């Protein structure tokens, strides 16, 4: 099954709508609640990152019998130093983002904690792509 | 502890989910930083926060948090209420500071997450 959602940069009133819609899909598919939580927290963090940092973005999700792959591609400033961005506490978020309760430099590391595989590609002044894979059967996990 | 008891201890008003006040909470977490809220174990959890924007409710929805206390006499917005209703989230509003609300609930036996 394939799903696609469009994300507008800077629009915090709608941030999280795509994650909310996909959560309902997972519930309908009877995915266990603890697995749903891992998937949607990773997705929501990544969605908020697009809203916080990029001009626009697209979420493509592929649901397979054993796993979910979520690919988030944005047009935006890109990440100059991915290793640095993965550090807890490192943030380039604006005051507006912080007012919304985010921007503490925890997003990418929290995505990694909830994902089984996280791949990040970024080009300066072009954009960033996150590929997040979460296994649906957490008792039979294939790690990277 | 039942949510009805939480409301009584905090002298709080129920602005969403009156029908779910018999729900039990065992643990509480207090934060205005949603990034932190997204990292915790949320079973039977009560979230205390003074952050009143739609991302408070979105974060709760994603983290499976069903019970929220809004402190410092802040008011929820219509958009927050709409998403909370959709997701069966109970919201209480209270006039106390975050510190006072936490102190009262801790004394009454609610456990910290860590």
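Taking the Cα centroid of the stretch B:3-59 and of the stretch A:49-104, what is the distance between the two, rounded to the nearest whole Å?
About 26 Å separates the Cα centre of the stretch B:3-59 from the one of the stretch A:49-104.
Which whole number of Å³ per residue matches the convex hull of the alpha-carbon atoms in the stretch A:1-49? Walk me through the numbers before you get to the answer.
Numbers: hull volume 3.4 nm³, N = 49.
Dividing the Cα hull volume of the stretch A:1-49 by its residue count gives 69 Å³.
Viscosity 1.306 mPa s, temperature 10 °C: give me the Stokes-Einstein translational D for chain A in µm²/s, with Rh taken as the Kirkwood radius over C-alpha pairs.
On the way: Rh = 15.2 Å.
Using the Kirkwood radius from Cα pairs, D works out to 104 µm²/s.
Give the span of the protein assembly as shown's Cα atoms along each principal axis, as three whole-Å numbers ordered largest to smallest.
53, 40, 32
Provide the gained length on full extension for the span residue A:1 to residue A:14, in nm with one decimal, where the gain is 0.36 nm per separating residue minus the Cα-Cα distance. Provide the component values of the computation, followed by the final result.
Working: separation 13, 0.36 × 13 = 4.68 nm, distance 2.43 nm.
Once the chain is fully extended between residue A:1 and residue A:14, it gains 2.2 nm.
Taking R0 as 25 Å, what FRET efficiency do you get between residue A:69 and residue B:85 from their Cβ-Cβ distance, rounded to the nearest 0.05?
Working: r = 32 Å, r/R0 = 1.29.
Given R0 = 25 Å and the Cβ-Cβ separation, E is 0.20.
With labels modelled as points extended 7 Å from the Cα through the Cβ direction, what inter-label distance (nm, one decimal) is found for residue B:104 paired with residue B:13?
Simple spin-label model gives 1.5 nm for this pair.
For chain A, what does the relative contact order come out to in percent, with C-alpha contacts under 8 Å and a separation of six or more?
26 percent
Report, in deg cm²/dmol and to the nearest 500, the calculated mean residue ellipticity at 222 nm for the protein assembly as shown, where each DSSP H run with n ≥ 4 adds -39500 (n - 2.57) and the sum is divided by the residue count. Could you put the intermediate results ahead of the total?
On the way: 10 runs with 91 residues, N = 258.
Helix contribution divided over all residues of the protein assembly as shown: -10000 deg cm²/dmol.
What's the exposure ranking of B:106, B:29, going from fewest to most Cβ atoms within 10 Å?
Details: B:106 13, B:29 20.
Neighbour counts put them in this order, fewest first: B:106, B:29.
Give me the one-decimal nm value for the distance between modelled label points at residue A:99 and residue A:119, 7 Å along each residue's Cα-to-Cβ direction.
3.9 nm
Quick check on the exposure proxy: order B:88, B:32 from fewest to most C-beta atoms within 10 angstrom.
Fewest-to-most ranking of B:88, B:32: B:88, B:32.
Compute the relative contact order of chain B as a whole-number percentage, counting only Cα pairs closer than 8 Å that sit 6 or more residues apart in sequence. The partial results should precede the final answer.
Details: 215 pairs, mean separation 37.8, N = 114.
For chain B, the relative contact order is 33 percent.
What average number of partner chain Cβ atoms lie no more than 10 Å from the Cβ of the residues making up B:48-59?
Shielding by partners across B:48-59 averages 4.
May I ask you to derive the FRET efficiency for residue A:35 and residue A:60 from their Cβ-Cβ distance with R0 = 22 Å, giving the value to the nearest 0.05?
Working: r = 20 Å, r/R0 = 0.90.
In this case the efficiency is close to 0.65.
Pick from A:57, A:78, A:66: which residue has the top mean-square fluctuation in a GNM of chain A where Cα pairs under 10 Å get a spring?
A:66
Between the stretch B:86-114 and the stretch B:60-78, what is the C-alpha centre distance in whole Å?
Each part reduced to its Cα centre gives a spacing of 10 Å.
For each of A:90, A:5, count neighbouring Cβ atoms within 10 Å of the residue's Cβ, then give the residues from fewest to most. If you can, show how the numbers build up before the last one.
Values: A:90 15, A:5 18.
Least to most surrounded, the residues fall as A:90, A:5.
No value in this document is a laboratory result; all are computed from the given coordinates. None of these values were measured; they are calculated from a predicted model. As a convention, Cβ positions derive from the backbone with ideal geometry for all residues, glycine included, and neighbour counts pool all protein chains shown.
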